[in-house]
Amino acid sequence: MSPRLLKTILDALTQVKYIKPLKNTYALDHLGLKFKQNIIKSIMSGRTDLSGPLTNRQDYKTELQKGHSTIYFNNKETMLKIFTFNEEKQKVHFSSNQLTKDAKLDLCNILKDFEQRPAMIYQHYLRTRRLFWKQFLFNPEQLKVEENEDKSSAQLKIKLTDFDIDMPDIEVETVDVMTENFGHANWNLFYSSLNINAGAMAMLLDARRLRQFRQNWRLALPIKAAPYALGIKVLDESQDAQDLSRYIQLLLESESIPLLINEEYKTYDDLGVPYVITIDKESLETGVIKIYDRETCWHEQVHLAYVAPRMVRTFQSREIPDTYSLVRMKYNL
């Protein structure tokens, strides 16, 4: 397989507003920032013991003493520029001389272990951090971990190897074992500094892929981090089809699922939209709609009553009753 052209991918991501050029530097644009925020949300998904965000690093000691098992805070002096790209020298390098307040997310975690197995606890924590980053990568094997000799610190890096230009390893997180345990012998504390901007950029570069079986491009973003979860495309020009589309749109928006309406399939692929709901004349006759899968290009048939529950389960990992069951409950059928 021929290597991917970095400049072509950068131009494509720029065109769909995921990144923006700043002289020889690229930064996240508005969809890239939304993608980054979805990555941050995934860190905190389902957690009820998170405090913050704290405004300075010293506050975490107070929060830990209160008994929180996880706290997080934003570091004010972190990297804004993602990388510089010099086409003549065919070299990419990273720059960190500009500052912003939200490029890094810092975490402090307590793992309690009454049998005092610090080495095992450390490996367990490091494994969870590897799994976190791997879920966002098209090729999880591109994540690598470098540890120091005494196993008290580790750097997690993404190595992008299939470009036409040598790419440096992109460091996305540093994990440190903390010596302080605030008087609790069974506490194992870990401090993580996540470079969210660099991580988001690495994932965007990784996700812009050519389909082998159809020879067209798509942005293979993980479904729970894509800025647009769903597209809706109407293939019938009748008013009934438009009304059905609006009804489905309202159902999904009421469940806070971000939508993109009536774009071309290529646009959906370029933007990384995981699924597209297709409404045609048959949908009006049978109540069955088709769901286009970005990765397989197949259409799955789903009855209208089960569309919202299916999408909520997919994107938010929770259950809601289907329309058919709601009607039966409302009218005591």
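The values are calculated or read from the model by the stated rules, or taken from the named source; none is laboratory data. These figures come from a predicted structure and were not determined experimentally. Methodologically, a virtual Cβ is constructed for each residue, glycine included, from the backbone with ideal geometry; neighbour enumeration extends over all protein chains shown. Accessible surface is based on the protein model in full, side chains and every heavy atom, while ligands, DNA and RNA are left aside. Shrake-Rupley method; radii C 1.70, N 1.55, O 1.52, S 1.80 Å.
Find the Rg to Rh ratio for the range 108-195, where Rh is the Kirkwood radius over alpha-carbon pairs and Rg uses the same atoms.
My calculation puts Rg/Rh at 1.05.
Starting from the Kirkwood Rh over alpha-carbon pairs, what translational D in µm² s⁻¹ does the range 274-333 have by Stokes-Einstein at 10 °C and 1.306 mPa s? Don't jump to the answer; show the numbers that get you there.
On the way: Rh = 12.6 Å.
In µm²/s, the coefficient rounds to 126.
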- Percent RCO, i.e. relative contact order, over the range 276-333, from Cα pairs under 8 Å lying at least 6 residues apart: 20
- Note on the structure: Zone reached by a paramagnetic label modelled 7 Å from ILE43 Cα along Cα→Cβ, restricted to the range 162-196 with backbone N below 18 Å, covers 170-178, 189-196
- Query: Quick one: which of LYS159/LYS233; LYS159/LYS224; LYS23/LYS157 span more than 29 angstrom between C-alpha atoms?
  - Reply: LYS159/LYS233
- Message: Give me the net charge for the shell around ILE289: Cβ to Cβ below 10 angstrom, other residues only, Lys and Arg +1, Asp and Glu -1.
- Response: -2
- Counting only heavy atoms of protein chains, what accessible area per residue, in Å², does the range 179-333 have with a probe of 1.4 Å? 48
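For the range 199-295, what is the convex hull volume of its Cα atoms per residue in Å³?
On the way: hull volume 9.3 nm³, N = 97.
Dividing the Cα hull volume of the range 199-295 by its residue count gives 96 Å³.
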- Stokes-Einstein D for the range 238-305 at 25 °C, 0.890 mPa s, Kirkwood Rh over Cα pairs, in µm²/s? 195
- Run the quick spin-label model on SER2 and LYS134: label points 7 Å from Cα toward the beta carbon, then report their separation in nm to one decimal. 3.3
